[in-house]
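As structure tokens, the structure follows; a few thoughts come after it.
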Amino acid sequence: MKIVLIVLGALVAIVLLVVVVGWSLPVKHRASRQATYPVTSPESLYAAITSVEAFPTWRSKVTSVERVAAPTGARSYRETGGDGAILYVVDEEVASRRLVTRIADPSLPFGGTWTFELTPNASGAILRITEDGEVYNPVYRFMSAYVFGHHATIDTYLTDLGKKFNTTVSISDASR
């Protein structure tokens, strides 16, 4: 019985430590990565990242996407995948150069924006993704900072996009 109490006490201590450390971390974070794609122009990359209905064909963690009407009239869509259903709205768009999407579901334990910036170069085009994220739940905040990493979703996105273009990409830090 004593061993069970020790194990139970240790588990409670670990959970409390995760919560306390999570509370001490900032709610907001910034993560930025980039990769170069051997495409003829940024337009082909831009077409891929804005053709949301096609996401399930190349994004490994997205199973379906549906366009939905936004009360503000902005373009919006709902992705379903590994993180459940997430509603996004397009906040800014400069064709073939810049796209800013925002999580528009206040019930989620996280939120924020993704800024996609496309730049032509001699090898094709560079796509830089900057996540200005917010993690509200302290346990999620701990997990995001120390288990998954703030770059994990961006890295998966950039890698999946490389596969769509039949190439292996090298991902680099793009912090400013």
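Using only Cα atoms, tell me the angle between helix 152-164 and the longest principal axis of the chain; keep it within 0 to 90° and round to the nearest 10. With rounding to tens, the tilt is 30 degrees. Relative to the longest principal axis of the Cα atoms of the chain, the long axis of helix 2-24 lies at roughly 40 degrees.
Taking region 5-32 and a reference point 7 angstrom along Cα→Cβ of ALA145, the backbone N atoms nearer than 16 Å belong to 15-31. Taking the chain as a Gaussian network of alpha-carbon nodes connected by springs under 10 Å, the highest mean-square fluctuation of the residues PHE116, PHE165, PHE148 belongs to PHE148.
Could you give the dipole magnitude of region 47-176 about its Cα centre, charging the beta-carbon of Lys and Arg +1 and that of Asp and Glu -1, in debye to the nearest 20? Intermediate results must be reported in sequence, preceding the final value.
Working: 13 positive and 15 negative charges, 47 e Å.
Roughly 220 debye for region 47-176.
Multiplying the residue separation of TRP58 and THR119 by 0.36 nm and removing their Cα-Cα distance gives an extension gain of 19.8 nm. Taking ALA152, ALA48, ALA13 in turn, the Gaussian network model of the chain (Cα-Cα springs below 10 Å) assigns the largest fluctuation to ALA13. For THR80, the shell of other residues with beta-carbons less than 15 Å away shows a net charge of -1, using +1 for Lys and Arg and -1 for Asp and Glu. Accessible surface ranking for HIS151, HIS29, 1.4 angstrom probe, highest first: HIS151, HIS29. Relative contact order for the chain: 30 percent, from Cα pairs under 8 Å spaced at least 6 residues apart, divided by residue count. With the simple model of a label 7 Å out from the Cα in the direction of the Cβ, SER172 to SER41 spans 2.5 nm. Excluding same-chain neighbours fewer than eight residues apart, no lysines are reachable from LYS2 by a Cα-Cα span under 22 Å. Solvent-free Debye calculation, one equal scatterer per alpha-carbon of the chain: log10 I(q)/I(0) at 0.09, 0.12, 0.18, 0.19 Å⁻¹ equals -0.38, -0.62, -1.21, -1.31.
Net charge in the neighbourhood of GLU92 (other residues with Cβ under 10 Å of its Cβ; Lys, Arg +1, Asp, Glu -1) is 0. Over all pairs of different C-alpha atoms in region 1-73, the reciprocal of the mean inverse distance, the Kirkwood hydrodynamic radius, equals 18.0 Å.
The values are calculated or read from the model by the stated rules, or taken from the named source; none is laboratory data. For clarity, every value in this text was computed on a predicted model and none was experimentally measured. Cβ sites come from the backbone with ideal geometry, for glycine too, and all protein chains shown count toward neighbours. Areas reflect the complete protein model, heavy atoms only, side chains present, ligands, DNA and RNA absent. Shrake-Rupley method; radii C 1.70, N 1.55, O 1.52, S 1.80 Å.
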